[in-house]
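Worksheet: one structure, shown below.
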Amino acid sequence: MIRSAPTPPELLEIAVTVARDAAATAHRMRAEGVSVAATKSTVTDVVTAADRAVERQVLDALRTLRPDDAVLGEEYGAGETGPAADGGVRWIVDPIDGTVNYLYGLPYCAVSLAAEVAGEVVAGVVRNVATGEEWTATAGGGAWRAGERLRCSTETDLGQALVATGFGYAAGRRAHQARVVAELIPHVRDIRRMGAAALDLCLAAEGRVDAYYEKGLAAWDLAAGGLVAREAGLLVTGLAGRPAGPDLVIAAPPALFEPLHTRLAALDASGGP
Ligand code: LIP
């Protein structure tokens, strides 16, 4: 059977359905009590039973709805699916972004689910597990929350900008990131470290922070939130024209991009361990 490629809105509809069910499971499991199931890169990089259960639920739902698609997830990797076929769809899932907030009962954690076609993210949803706030975007179709189209901050002065960032789990990386932030903070309004990269990108999409940067993001932290940010008018890149990725993600409105990029380059924000 020849199946036509799904459109971004069709992929978004699936993503939203799956992410809402996933967020409901995460919410219910949080209410039932949460404990650490395992650790990953360091003893503070935790996995809860909910991270695994939620990703498993997403994998099962996608296998039912889109059996030929590939999936990349934080907990099970490319697991059972392998790479996307040429021109095929790959889903990228972070079952709970902001796992430490989830563990501590802080209301800043999210399910993030994106659909990539031919290597480009074309649809994405980020849903806050605690509050039910939900951000969506399709490539070329804008970024949205609660029926409102989102636009990024119009701030033009880096000195007035509220800048979100985050830190990795490994001590050496955190030390380097702390040095960067110590040098940046005199040049911005203030810094926010809220603990979930996907949500930071969504807040930047609606100007609730002016800009965001972080080193060390994985594909599942960035995929859906990055599209939401881009569709709201932010530039989302790495340093020196490189694409956004593990080395660095800078998400800034056009007027703030250059001054922020210049500072981060001078501070070697993509360097260190
Ligand atoms: C986390 C982020 C957080 C970032 C951490 C980590 P997790 O994801 O979203 O903001 O600073 O480095 O990647 O581990 O909660 O899925």
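Where a number appears in this text, it was derived from the coordinates with a stated rule and is not lab data. Fair warning: this is a prediction, and the values are worked out from it, not measured in the lab. Positions of Cβ are backbone-derived with ideal geometry, glycine not excepted, and every protein chain shown enters the neighbour counts.
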Review point. What ranking, highest mean first, results for peptides 153-159, 10-16 when packing means the other Cβ atoms within 10 Å averaged over each residue?
Key: 10-16, 153-159
Review point. What order do you get for 192-203, 131-142, 56-67, 224-235 when each peptide is scored by the mean count of other beta carbon atoms within 10 Å, highest first?
Key: 224-235, 192-203, 131-142, 56-67
Exercise for review: Please figure out what share of the DSSP beta bridges in the chain is antiparallel and state it in percent, rounded to the nearest 5.
Suggested key: 80
Review point. Normalised by the number of residues in the chain, what is the relative contact order in percent for Cα pairs under 8 Å and 6+ residues apart?
Key: 16
Check your understanding: Along its principal axes, what span do the Cα atoms of the stretch 158-266 show, with the longest given first and each in whole Å?
Key -> 33, 30, 26
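Is there a quick way to get the dipole size of the chain? I mean about its Cα centre, with the Cβ of Lys and Arg at +1 and of Asp and Glu at -1; what is the value in debye to the nearest 20?
Details: 25 positive and 34 negative charges, 81 e Å.
Result for the chain is approximately 380 debye, rounded to the nearest 20.
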Revision key, fill the gap. Packing-ranked peptide list from 88-94, 105-111, highest mean Cβ count within 10 angstrom first, is 88-94, 105-111
Practice item. Take every Cα-Cα pair in the stretch 8-149 and report what % of them are more than 24 Å apart. Key: 29
**Study point:** Whole-Å semi-axes of the stretch 77-181's equivalent ellipsoid (Cα gyration tensor)
**Key:** 26, 22, 17
Study note, to complete from the structure: Scoring only Lys, Arg, Asp and Glu (+1, +1, -1, -1) among other residues with Cβ under 11 Å from the Cβ of A118 yields -2
Check your understanding: If you put +1 on each Lys and Arg Cβ and -1 on each Asp and Glu Cβ, how big is the dipole of the stretch 14-72 around its Cα centre, in Debye rounded to 20?
Key -> 100
Review point. Mean 1/r over all different Cα pairs, inverted: what Kirkwood radius does the chain give, in Å?
Key: 18.6
